[in-house]
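Colleague: Pasting a structure here, questions to come.
Readers should treat all values here as calculations from the given coordinates under stated rules, not as data from a laboratory. Quick caveat, the model's predicted, so the values are computed rather than measured. As a convention, Cβ positions derive from the backbone with ideal geometry for all residues, glycine included, and neighbour counts pool all protein chains shown.
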Amino acid sequence: MDGDFVIAGAFFINFKVQTVLNNYTTKPEPARCTGSFNARDLRFSRTMIFAIEEINNSTELLPGIKLGYQIYDTCASGLVAAHVAFQLTNGQESVFLKDSNCSRAGTVMAVVGDSGSTPSISMARIIGPFNIPQVSHFATCACLSDKQQFPTFFRTIPSDQFQADALAKMVKHFGWTWIGAVHSDSDYGNYGMASFLAAAQKEGICVEYTESFFRTDPRNKIQKVADVIRRSTALVVVAFVASGDMSVLLNELASDPPPPRQWIGSEGWTTDPLLMSFSFCAGTIGVGIQRSVIPGLRDFLLDLSPTEVAASSVLTEFWEDAFSCSLIKSEKVLFTKHISRVCNGTEDINTLKSPYTETSQLRASNMVYKAVYAIAHAIHKTVCQETNLITHCDRNIKLESKQVFTALKNSNFSRNGYPVSFDANGDPLAFYELINWKKSESGYIELVTVGYYDASLPKGQEFQIKKNITWLEGGTEVPVSVCTVSCSPGTRKVLQKGKPICCYDCIPCPEGEISNMTDSPDCFPCPSEFWPNAERDACFPKPVEFLSFGEVLAIILATLSVFGACLAISTAIIFFRHRTTPIVRANNSELSFLLLFSLTLCFLCSLTFIGAPSEWSCMLRHTAFGITFVLCISCVLGKTVVVLMAFKATLPGSNVMKWFGPPQQRMTVVSFTFIQVLICTVWLVVSPPFPMKNLTTYKEKIILECALGSAVGFWAVLGYIGLLAVFCFVLAVLARKLPDNFNEAKMITFSMLIFCAVWITFIPAYVSSPGKFTVAVEIFAILASSFGLILCIFAPKCFIILFQPEKNSKKYLMNKI
């Protein structure tokens, strides 16, 4: 249609270019479109006509100006698109301007289209140098945002860079880490898939395979792609494919339907009604252009009279393809077109189910509508002026496409509630709807909007799900597509050699370490006072262990301690009541009572080793043990020396015994004990024992124990006791054969033999015993040595006192054996 200013349009009315073998003897004919008729792009072209007629009838936008149009079929071919671009720049005929004597070439002011990225690139490279703006409604390749290469290119549909990010976030959102990918072997598919793969890699998604194809590829190539999809282990397939290419692939898959696959679609095919006949794709989810409403468009599309249809070759082809009839009554034509009947006039477009009449979910059509209005607004800014609220437009102005291009860059308006503007790259604000293919009760697939992706929202909030999604095979649960099932808490991932990062083995965390999240790459150790539970997914405080009074072992040892103390006290009572008898007096009763007192303390000091260690109990238990045992050994040593000297000082007039009388014995005991007190005092002052948490003996529990403070102090105390015990044992051995019925040397020898044996075996047992058993060994050594002393030294005497009183006489005492 002619007009004051002409806008061009480029669409895919057909999908293929007729193949011609040139013989180079005649001039090649222009390329011709063929193949299946694309009713959806016919709707796009008719939407452009509708928008231009709406603008021509407007009193606000370009009043008094008539816009014309030239619409071309580029056949989804870059070659044909380039041919169209040359036609647009050259002009096909002269246009005579009124009130002017000159003429100019009929170049267009701007171009709407093309419907694909590759043809749009071909056109943009040719018309760009002539400053002819191009506004595409469906070319999404991110490469077209490069203003160095395509300075005059604009679009009303978002760039594939946003779509690739949206698809990657969608895959990540549903937990899919193992996917397959197919894409068109075109600029749209190649650039789009490259952007998607880069975004998927950032999200940690692994791709099992990536296959490319084009609708004109040989069938064996399409079969190969289909077989890869059938054999793959990835349940999810991301298809960055143009609508025409997807139709070819799905037709091939339909011949031998693959196992259930969850399809993730790009906007190129997700909303194409022609593809919804493939039932095995039910559950598909993908991104789509925002759904819109264009008042009056449906009535315009359906308002086709037979005369209008017959006058247009394009509408004629559509009509014959839609109703499978011919408008021309010719058998030759019927045979050529493979049509069996002639149209009889009963065909009703209102009842037709076709992408042309499908206006319930206008998406790309609105992009065409906005593109036309964007160009109209740019022309309006250039040729119109507002004076006193009245708009005047000059239809005779010599308008250059460069002026339209400059005005188009600053476009910012709304139409039917939908904003239109372009950023520095000529791209609009990115907004996608998330589309789900749901099978209705009647068995037909319907498009349902379940969410959206808005690039203008803050990071992390762009992706929103608003409705429940129906998945493959009508499922309501999100399907699982992973190379390896997620590692549960308590395990960590170990990558499988030679495979992607999504393929791994799950290894339990080592001892003492946990992982508290799914698919943890590492395990980490618990704090020093914590230990993992059995599942190794949480740290809990380690149980604290010490020899408490509530334990059976502690009760037994405490009972023995109290019993030993009672035994020593009972022995002391027996000796006190029979203190005047010969057997008591003959065995140095003063040292005997002091020995019994020290043995009582020895038995009782073992109680300080039971219970939770504290600062005072740690100092008391070691010092009390050291001092009481030295006091005990000193008494035994005193008794042994007295016996030995009594029998050795047999020479007449010898005064040796005056040096071993009671005062000297007391002084000896005090002196030996004072040395131990001095050692303990230095130990306590320099580095005393203190309570500590032992975290090294057992990894899984804490041992409360008394640290020695100074190991030198501890072994000095034990060494001093051992020195006295050995000295006493040697003297007792020397006196063991001295003649006397009540000679204590033999009993002392046995008692010291037991004492030394106990403490010699104590050292390795003490060092090797773990945890609370270290304390138990120490208590056992104290009790064993104490019982050895009291039983060997005092038991025979008590037996005679209580059960053989006839032997407790001076006469019996003086008799020789």
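Colleague: For segment 491-541, give the magnitude of the charge dipole about the Cα centre (Cβ charges: +1 Lys/Arg, -1 Asp/Glu; no others), in debye to the nearest 20.
Modeller: The calculation lands at about 320 debye.
Colleague: Next up: Which residue, chosen from Ile703, Ile779, Gln70, occupies the Cα position most advanced towards the positive end of the dipole of the chain, where the dipole is computed from +1 (Lys, Arg) and -1 (Asp, Glu) charges on Cβ about the Cα centre?
Modeller: The residue sitting farthest along the positive end of the dipole is Ile779.
Colleague: Here is a follow-up. As a footprinting exposure proxy, order Lys224, Lys329, Lys27 by other Cβ within 10 Å, with the fewest listed first.
Modeller: If I rank by nearby Cβ atoms, fewest first, I get Lys27, Lys329, Lys224.
Colleague: Given the options Val677, Thr346, Ser768, identify the residue whose Cα lies farthest towards the positive end of the charge dipole of the chain (+1 on Cβ of Lys, Arg; -1 on Cβ of Asp, Glu).
Modeller: The residue sitting farthest along the positive end of the dipole is Val677.
Colleague: Taking 0.36 nm per residue of separation and subtracting the Cα-Cα distance, what length does fully extending Thr233 through Lys381 add?
Modeller: Net length gain for the segment: 47.6 nm.
Colleague: Related question: Please compute the net charge surrounding Thr491, taking Lys and Arg as +1 and Asp and Glu as -1 over other residues with Cβ under 13 Å from its Cβ.
Modeller: Computed value for this residue: -3.
Colleague: Would you be so kind as to identify which of Gly116, Leu249, Gly638 lies farthest towards the positive end of the dipole of the chain, taking Lys and Arg as +1 and Asp and Glu as -1 on Cβ and the Cα centre as origin?
Modeller: Gly638
Colleague: Okay, next question. Can you order the peptides 534-541, 684-691 by their average number of other Cβ atoms within 10 Å per residue, highest first?
Modeller: Order by mean packing, descending: 684-691, 534-541.
Colleague: Considering only C-alpha atoms, what is the centroid distance from segment 414-449 to segment 123-199, in Å?
Modeller: So the two Cα centres are separated by 16 Å.
Colleague: Quick check: the distance between the Cα centres of segment 335-408 and segment 201-217, to the nearest angstrom?
Modeller: So the separation of the two Cα centres works out to 36 Å.
Colleague: Something else about it: Calculate for the chain the 222 nm mean residue ellipticity that helices alone would give, adding -39,500 (n - 2.57) per DSSP H run of length 4 or more and normalising by residue count, nearest 500 deg cm²/dmol.
Modeller: My calculation for the chain gives -14000 deg cm²/dmol from helical runs alone.
Colleague: Shape call for the chain from the C-alpha gyration tensor, a ≥ b ≥ c root eigenvalues: rounded (a/c under 1.5), prolate (a/b greater than b/c) or oblate?
Modeller: Because a/c hits 1.5 or more and a/b exceeds b/c, the chain counts as prolate.
Colleague: Let me ask something additional. If the label point is 7 Å along Cα→Cβ of Glu551, which residues in segment 773-803 have backbone nitrogen under 14 Å from it?
Modeller: The answer is 773-780.
Colleague: Sort Cys487, Cys384 so the one with the fewest other Cβ atoms within 10 Å of its own Cβ comes first.
Modeller: Cys384, Cys487
Colleague: Would you mind checking Lys172/Lys438; Lys169/Lys438; Lys493/Lys701; Lys169/Lys493; Lys169/Lys402; Lys202/Lys497 for any pair whose Cα atoms are more than 30 angstrom apart?
Modeller: Lys169/Lys402
Colleague: To check you understand DSSP bridge types, tell me what percent of the beta bridges within the chain (both residues inside) are antiparallel, rounded to 5.
Modeller: Of those bridges, close to 55 percent are antiparallel.
Colleague: Let me ask another. When 1/r is averaged over all different Cα pairs and the result inverted, which Kirkwood radius in Å belongs to segment 491-541?
Modeller: 11.4 Å is the Kirkwood radius here.
Colleague: Further question: Expressed as a whole number of Å, what is the distance separating the alpha-carbon centroids of segment 227-301 and segment 454-468?
Modeller: Spelled out, the Cα-based centre of one part sits 23 Å from the other.
Colleague: Just subtract the alpha-carbon distance of Gln804 and Ser614 from 0.36 nm times their residue separation and send over the number in nm, one decimal.
Modeller: 63.5 nm
Colleague: Using 1/(1 + (r/R0)^6) with R0 = 45 angstrom and r between the beta carbons of Asp299 and Glu535, what's the FRET efficiency to the nearest 0.05?
Modeller: According to the calculation, E is roughly 0.10.
Colleague: Also, quick follow-up: Order of Met123, Met1, Met747 from fewest to most other C-beta atoms within 10 Å?
Modeller: Arranged by neighbour count, lowest to highest, Met123, Met1, Met747 become Met1, Met747, Met123.
Colleague: To the nearest 0.05, how large is the calculated FRET efficiency for Thr25 and Val342 if R₀ is 30 Å and r is the Cβ-Cβ distance?
Modeller: So, using R0 = 30 Å, E works out to roughly 0.15.
Colleague: Determine the shape class of segment 556-625: with a ≥ b ≥ c the square roots of the Cα gyration tensor eigenvalues, call it rounded for a/c under 1.5, and otherwise prolate if a/b is greater than b/c, oblate otherwise.
Modeller: It comes out prolate by the Cα gyration axes.
Colleague: How much length, in nm to one decimal, is gained on full extension between Asn416 and Lys353, taken as 0.36 nm per residue of separation minus their Cα-Cα distance?
Modeller: Fully extending the segment from Asn416 to Lys353 adds 20.0 nm.
Colleague: Let me have the relative contact order for the chain, percent, based on Cα pairs under 8 Å that are six or more residues apart.
Modeller: Here the relative contact order equals 9 percent.
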